[in-house]
Each structure stands twice: as C-alpha cells, then as structure tokens.
Amino acid sequence: MAGIMVVFDFDKTIIEVDSDNWVVDELGATDLFNELLPTMPWNSLMERMMKEMHAKGKTIEEIKDVLKKVPIHPRVVPAIKTAHSLGCDLRIVSDANMFFIETILDHLGIRNCFSEINSNPSYVNGEGRLIISPYVDFLTSPHGCNLCPPNMCKGMIIERIRANEGKKKMIYLGDGVGDFCPSLKLKEGDFMMPRKDFPAWKLICENRTLLKAEIFEWIGGTKLEQILIGLIEKIKIEEANNGVQLLSAVDCKFEKIPMVAHEAFPPPLRVHH
Ligand SMILES: [Mg+2]
Ligand SMILES: [Zn+2]
C-alpha cells in the first residue's frame with residue numbers, strides 16, 4: 001500500500017486565525033505592526049515585533065499564554081487525530097514559525113500526530129527573546145518563485161517531500177495566497193482542499209485548469225473533518241481494490257469544484273499579493 005500524506009497549512013487552516021496577528025494583537029502591538037508593515041516583508045516584521053515586545057518587557061511565558069488561547073474549531077483536533085489513527089503521514093507547511101506552531105500543538109496534545117513541521121526557524125535566545133529567521137535565506141540564496149513571499153516557497157517544499165515520498169497520495173489543506181503555489185505541484189490522484197472564499201480558493205477558481213489534483217472546498221472545521229476523513233477512506237478502499245476507482249460517496253456528497261467546460265486553454269496565471 002502506497003499510503004496517504006496529508007499536508008496542512010497552519011494559520012486559518014488548523015487554527016482559526018493567523019498566529020502572527022493573534023500574538024501581535026493580544027500583546028497590544030497592532031498599531032506598530034500596521035505602521036511597519038508597508039516597510040518590510042512580513043516575516044522580517046515578525047522578527048522585529050518580537051524584538052519590540054522583548055524591549056517592552058513581554059516575556060516568553062506571556063507569549064506562550066497568548067498562543068495557548070488561540071481559537072480553533074472544535075472538529076479540527078478530532079479530524080487530525082482520526083487521520084493520524086487511520087495511518088496517514090501528517091505534515092505541516094506554514095509561514096508562521098516553529099515556536100508558535102509547536103507551542104500550540106503541544107497545548108492541543110497533537111504534536112506527535114505530525115511527522116514533520118516545515119516553518120520559519122525560531123528559538124528563544126539567552127535573554128529570553130524569540131528570534132525568528134526566514135525559512136529561505138533570501139539575501140544569499142533566493143528561491144526564485146514569483147508566486148511566493150521571499151522567505152518561503154511552499155511549492156518547493158512539496159516538491160522536496162514528493163521526491164522523498166513519491167508514491168504517497170497527497171491531500172493538501174490551505175487557505176492563503178502562499179498555498180496556491182503548492183496546489184500547482186500536486187499531481188493527478190492528489191487532492192487539494194482550499195478553504196472556501198479565502199485567497200487560495202479564489203486563485204484556484206481563477207486558474208482552475210492549471211491544477212491536476214481533484215479539488216474539494218471546505219467551510220469551517222466540520223466540513224474539513226467530513227471531507228478529509230471521507231477522502232482518506234475513499235483512497236484506502238481504492239488501494240484495497242488495487243486502484244479501481246469506485247463510484248465514491250465523497251464525490252456525490254461534497255462540493256467538488258468541477259472543471260469548467262469552456263476552459264479549453266489555461267488562462268494566464270493571476271496572483272495578487
Ligand atoms: Mg493559512
Ligand atoms: Zn512558490
């Protein structure tokens with residue numbers, strides 16, 4: 001059996017909010033964040049915000065306490081636990097940072113469900129300040145993908161994972177602009193689950209013919225759980241039947257985004273940052 005890999009975005013996919021915004025807002029630094037946002041890349045700004053927070057006396061414990069209060073839909077943790085118990089290889093690809101993600105996953109008790117977390121490196125230094133670095137060092141070795149922010153191309157991460165785990169079917173869940181590039185790297189037989197009415201979903205709808213994966217949109221954690229577990233069960237049944245495609249309950253039950261008949265030629269790729 002080839003197996004199934006489920007790749008999750010983190011912000012607004014596993015948790016309901018953006019963890020960077022959540023921490024900045026909860027620590028009362030929203031105005032400074034908004035003031036500096038036009039002047040530097042997002043990831044560099046978060047590093048700068050951590051420096052500012054530390055200078056104002058905010059401790060790592062305070063940041064952890066804020067992270068532990070992050071809102072999450074009640075069906076997301078059960079969905080992750082079920083996917084894990086069904087034998088799927090679960091991974092995270094996120095433009096947040098390792099410290100935020102691991103703190104939240106530990107708090108939720110699901111850290112051990114994930115075999116790999118790909119995010120911006122971060123650590124607490126000797127002075128108790130959180131240092132956040134870009135996943136890709138864009139000053140010395142830019143990734144060269146013009147769809148993605150300078151510090152991370154999720155598509156490249158997907159390609160690297162694919163090179164190591166080629167036979168596994170992939171299910172990718174995400175909401176943001178940064179989840180569009182990896183959706184283009186998915187292959188026939190894979191599944192893309194964009195969050196409906198969010199930027200990745202809009203880009204996919206505008207550029208539908210560029211995707212090889214089947215697309216299932218979801219709204220909220222209840223649908224996320226139903227569709228994800230439905231897809232996993234469908235793939236497992238098909239694998240047990242040596243790849244014979246079954247008339248699937250999933251296809252009938254859920255909001256699959258169809259290929260539009262008039263799209264004979266792929267439209268130009270449109271991405272708005
Ligand atoms: Mg996201
Ligand atoms: Zn990219």
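The equivalent ellipsoid that matches the C-alpha gyration tensor of the chain spans semi-axes of 33, 21, 17 angstrom, in descending order. Arranged from fewest to most other beta-carbon atoms within 10 Å of their beta carbon, Glu233, Glu127 become Glu127, Glu233. Separation of region 1-20 from region 112-173 is 13 Å, based on Cα centroids. Among Ser85, Ser115, the order by Cβ neighbours within 10 angstrom, fewest to most, reads Ser85, Ser115. Among Asp197, Asp106, Asp179, Asp11, the ranking by other beta carbons within 10 Å of each residue's beta carbon, starting with the fewest, stands as Asp197, Asp106, Asp11, Asp179.
Straight-line cross-link partners of Lys169 among the lysines, defined as a Cα under 16 Å from its Cα and at least 8 positions apart when in the same chain: Lys185, Lys187, Lys212, Lys234, Lys236. Note the full-extension length gain between Trp42 and Thr222 as 0.36 nm times their separation in residues minus their Cα-Cα distance, in nm to one decimal. Gain on extension, Trp42 to Thr222, equals 61.8 nm. Sequentially through region 129-145, phi angles give Karplus couplings (6.51, -1.76, 1.60; θ = phi - 60°) of 10, 7, 9, 10, 10, x, 4, 10, 6, 6, 6, 9, 9, x, 7, x, 8 Hz, Gly and Pro residues having no value and appearing as x. Per-residue Karplus couplings for region 210-226, computed as 6.51 cos²θ - 1.76 cosθ + 1.60 with θ equal to phi - 60°, are listed in order as 7, 9, 8, 6, 6, 10, 10, 7, 9, 10, x, x, 5, 5, 3, 5, 4 Hz, Gly and Pro entered as x.
Projected label points at Glu35 and Ser133, each 7 Å from Cα along the beta carbon direction, are separated by 3.0 nanometres.
If you look at the Cα atoms of region 65-143, you get an Rg and a Dmax of 14.6, 43 Å. The C-alpha atoms of the chain define a longest principal axis, and helix 42-55 lies at about 30 degrees to it.
3J(HN,Hα) along region 232-238, derived from phi through the Karplus expression 6.51 cos²θ - 1.76 cosθ + 1.60 where θ = phi - 60°, amounts to 4, 5, 4, 4, 5, 5, 5 Hz, with x in place of Gly and Pro. For a straight C-alpha distance cut-off of 27 angstrom, the lysines reachable from Lys51 (same-chain residues fewer than eight places away being disregarded) are Lys12, Lys64, Lys68, Lys69, Lys154.
No value in this document is a laboratory result; all are computed from the given coordinates. Model, not experiment: these values are computed from the prediction. In this analysis, Cβ positions are derived from the backbone assuming ideal geometry, glycine residues included, and neighbour counts consider all displayed protein chains.
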